[in-house]
Amino acid sequence: MSDLRVSGLVKRYGKVTALDGLSFEVAAGEFFCLLGPSAAGKTTALRAISGLERLQAGAIRFGGRDITEAPVQGRGIAMIFQTFALYPHLTVRENLAYPLREAGVEAGEIARRVGEVAEKLRIGHTLERKPTTASGGEQQRIAIGRALVRRPQLLLLDEPLTNLDAKLRHDTRAEFKRLHRELGMTMLYATPDELEALSMGQRIGVLRAGRMVQVGTPDELFERPDDSFVAAQVGSPKMNLIEGRSVRDGRRIALPFGELEGGPWAAALAAFPAGTGILFGVRPSDIVPAEGEPRGPRLASEVHLTEPLGDVTVLDLVANGVPLRMVLPEERAVRYREGDHLQVELRLENSHLFALDTGTAIR
Amino acid sequence: MAAQRRPIGEAGWGRTLGAGIVAFVYFFPVLWIILTAFKTYSDALAIPPVWLFTPTLENFVQVFSRSYSAGAEAVATGFDRFFFNSIFIAGSSVLIALVVGTLAAYGFSRFPLRGNDTYLFIILTTRMMPAIVVIIPIFLMFQITGLAGTYLGIILLYAVFNLPFTIWMMKSFFDELSPDVEDAARMDGSSEVRLFFKICLPQVVAGIAATAVFGLILTWNEFLFALLLTGVETRTIPVAMAQTIGGDIGVRWGLLAAIETLFLIPVIVVVFVLQNHLLRGVTFGTIKR
């Protein structure tokens, strides 16, 4: 089975630690996303798995085989680079044929497989040209083709959409999902973009400073973030995180705009002494204009900025000096103008609580 | 309607004329040499200079005739031999410098040593010394080792002289290559050796061409070392040319100009053939991709 097990990877460049005991597992045939800001260690992790980078510690097992010390060549792993990394001096056909030539595949078979891949990726018309003459989207597909042509068991993708424009990104995301479905290949995809991770990944691992913070399905990460970092990374617009402290044996929390009690975190909070610093998290979609019977705590706010995004509008509110983001369907948001006073209600049952010092979820 | 504009890249008459004048000023000495090559002895010496004259190939015939009569004296020029020497010596030494230098440059670029920059600087310092400073020790070394007057000696010397320049130039070309492309080739199954020949080398062909041209011109024109270290059999054109000056009837300007004209041809041919590569080579790294 071609499953990937990565444990305790450590990579230091001089004084900089890129990987600090990174561990995770990817099941055979899974589309796994590594999500994290730049310099979180995503690229280093992929390069270590591919064999391009030597590690100071840790083990990589792939398909039941320890490949930690195996040479790059012959790991059965292909990678798609952010820069595409096509061979500029070779034609597209030669680019696609290159991995097969190096593997000693005979000419007829090479021609057949290159033709097959070119057709699948709709790059047949570029075959006799140099890759530099192809458009960005074509170059991307050529890079995918070169990775797929030798039928790798594991495909690594290092921010492959960064160099594409917005429209192409959307199309290529769909392309990756289609390829994954058709080929059933294990795919490990690194990206700083949560939208890419949420839309493609079957599971997502959130990386911070060379460590895995949380692994889960998109829903799990969205609904039950283990950490304030994950909460801030996943979801758009970003979750509101408001600093406060616990009061009265940890039953309630004091925030700049008042005290709250009764969230799903209340029981867990009781274990903490009063005065513990906390981060209160509420998603922009869990803040609504107060109407009818109260279902949660209400607070007064002022509309600071409206940001129409098409079918939804993000409203930047200020409640007692604290900035809050709220998201409303466009037709409900039109009645609010910048400077308006607005009574909002919090969906406390969907709120999150994190320890201020460690960022760990309290629940 | 948008205002009428000149097509991009087409300059006005004034600029074209200006560029033409500058080009003519630079080209004039060359033109004068070529004209003189077709003049008779007396036309070449005429003051004021003759502009309209009956061209003659007599000078070119003299270049390649083993002997000719100048007054009562028979003189052998043997320039076919010197042309062969120049081509053979310049070609071989530049080839050696390219092979060794390209490999060294790849090493410096991809497998840096501790103190890499220091080594590179030391290599460069060998070109900082004026040639005249090292000529005496080298002359003595050649005398002792028996390399003086041999092809091997002068070829090795020129190869060594071309090396620092070749290493520096080729290193800058290798530095420009995308490391991702090489990583991709490694993942595609290329060994380090195949990576060099199949991926890196083909990408720096323009750089090799540019380096070769500069090296060839440098070696082709070299005079000082050739004067002291080549023998009768291995003499190169610059030295041979200098030795045609003098004699009983003074400088034979026509003959000298004919030799110079022939001397220019290989350089022009090489630059012409490689001009596209040359342009890409010398602009390499100055244009952000």
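The values are calculated or read from the model by the stated rules, or taken from the named source; none is laboratory data. Predicted, not measured: the structure shown is a model, and the values here were computed from it. Methodologically, a virtual Cβ is constructed for each residue, glycine included, from the backbone with ideal geometry; neighbour enumeration extends over all protein chains shown. What goes into the accessible areas is simple: the full protein's heavy atoms, side chains included, and nothing from ligands, DNA or RNA. Shrake-Rupley method; radii C 1.70, N 1.55, O 1.52, S 1.80 Å.
Roughly to the nearest percent, how much of the accessible area of region B:70-153 is carbon and sulfur, given a 1.4 Å probe? List each step's numbers first, then the result.
Numbers: 3690 of 4890 Å².
Roughly 75 percent of what the probe reaches on region B:70-153 is carbon or sulfur.
Would you calculate a helix-derived [θ] at 222 nm for chain B, using -39,500 (n - 2.57) for each DSSP H run of n ≥ 4 and dividing by the full residue count, to the nearest 500?
On the way: 13 runs with 190 residues, N = 289.
Roughly -21500 deg cm²/dmol at 222 nm, from the helical runs in chain B.
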#### Entry: Complex-versus-alone comparison for region A:78-109, residues with a loss of 40 Å² or more in accessible area, probe 1.4 Å
A:F81, A:Y87, A:H89, A:Y98, A:E102
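Restricting to the protein assembly as shown, what percent of DSSP beta bridges are antiparallel, rounded to 5? Display every interim value, and only then the final one.
Values: 64 of 82 bridges.
Percentage antiparallel, nearest 5: 80.
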### Summary
Expressed in angstrom and rounded, the centroid-to-centroid distance over alpha carbons for region A:213-257 and region B:108-143 is 64
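Counting each DSSP H run of 4 or more residues in chain A as -39500 (n - 2.57), what helix-only mean residue ellipticity at 222 nm follows after dividing by all residues, to the nearest 500 deg cm²/dmol?
Details: 10 runs with 92 residues, N = 363.
Only helices count here, giving -7000 deg cm²/dmol.
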### Task
Using the Karplus curve 6.51 cos²θ - 1.76 cosθ + 1.60 with θ = phi - 60°, work out ³J(HN,Hα) for each residue of region B:22-28 in order, rounded to whole Hz, and write x for Gly and Pro.
4, 4, 5, 4, 5, 7, 4
### Task
Give me the angle, in degrees from 0 to 90, between the Cα long axis of helix A:107-120 and the longest principal axis of the Cα atoms of chain A, rounded to the nearest 10.
30
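Tally up the carbon and sulfur contribution to the accessible surface of chain A as a whole percent, 1.4 Å probe, everything protein left in place.
Values: 7920 of 16040 Å².
Ligands and nucleic acids excluded, carbon and sulfur give 49 percent.
Accessible area per residue, 1.4 Å probe, Å², for the protein assembly as shown: what's the number?
On the way: 32690 Å² over 652 residues.
Value returned for the protein assembly as shown: 50 Å² of accessible area per residue.
DSSP beta bridges in chain A, what fraction antiparallel, as a percent rounded to 5? Walk me through the intermediate numbers first.
Values: 61 of 79 bridges.
Restricted to chain A, the bridges split so that about 75 percent are antiparallel.
Order A:67-74, A:345-352, B:203-210 from most to least packed using the mean count of other Cβ atoms within 10 Å. The partial results should precede the final answer.
Working: A:67-74: 15.5, A:345-352: 18.5, B:203-210: 20.6.
The packing order, highest mean first, is B:203-210, A:345-352, A:67-74.
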### Task
Enumerate the calculated ³J(HN,Hα) couplings along region B:121-135 in order (Karplus 6.51 cos²θ - 1.76 cosθ + 1.60, θ = phi - 60°), each rounded to whole Hz, writing x wherever the residue is Gly or Pro.
5, 4, 4, 5, 4, 4, 8, 7, 6, x, 4, 5, 6, 9, 5
### Chains B and A, summed buried accessible surface - 1.4 Å probe, Å², nearest 100
1600
### Task
Return the residues of region B:192-227 for which accessible area with all protein chains present is lower than in the chain on its own by 10 Å² or more; set the probe to 1.4 Å and exclude ligands, DNA and RNA.
B:R194, B:K198, B:I199, B:P202, B:Q203
#### Entry: Spatially close lysines, pair count over region A:4-227: Cα under 23 Å, gap of eight or more or interchain
7
## Note on the structure
Residues whose built amide H sits under 5 Å from the amide H of A:G21, excluding neighbours closer than 5 in sequence, are A:L9, A:V10, A:K11
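Applying a 10 Å radius around every beta-carbon, put B:21-29, A:236-244, B:109-117 in order of their mean neighbour count, most first.
Values: B:21-29: 9.8, A:236-244: 18.0, B:109-117: 12.0.
Ranking the peptides B:21-29, A:236-244, B:109-117 by packing returns A:236-244, B:109-117, B:21-29.
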### Query
Which whole-Hz couplings ³J(HN,Hα) result when phi for each residue of region A:199-204 is put into the Karplus expression 6.51 cos²θ - 1.76 cosθ + 1.60, θ = phi - 60°, listed in order with x for Gly and Pro?
7, 10, x, 6, 9, 10
#### Entry: Cβ neighbours within 10 Å from other chains - mean over B:176-184
6
### Query
Angle between the Cα long axis of helix B:79-110 and the longest principal axis of chain B, 0 to 90 degrees, nearest 10?
10
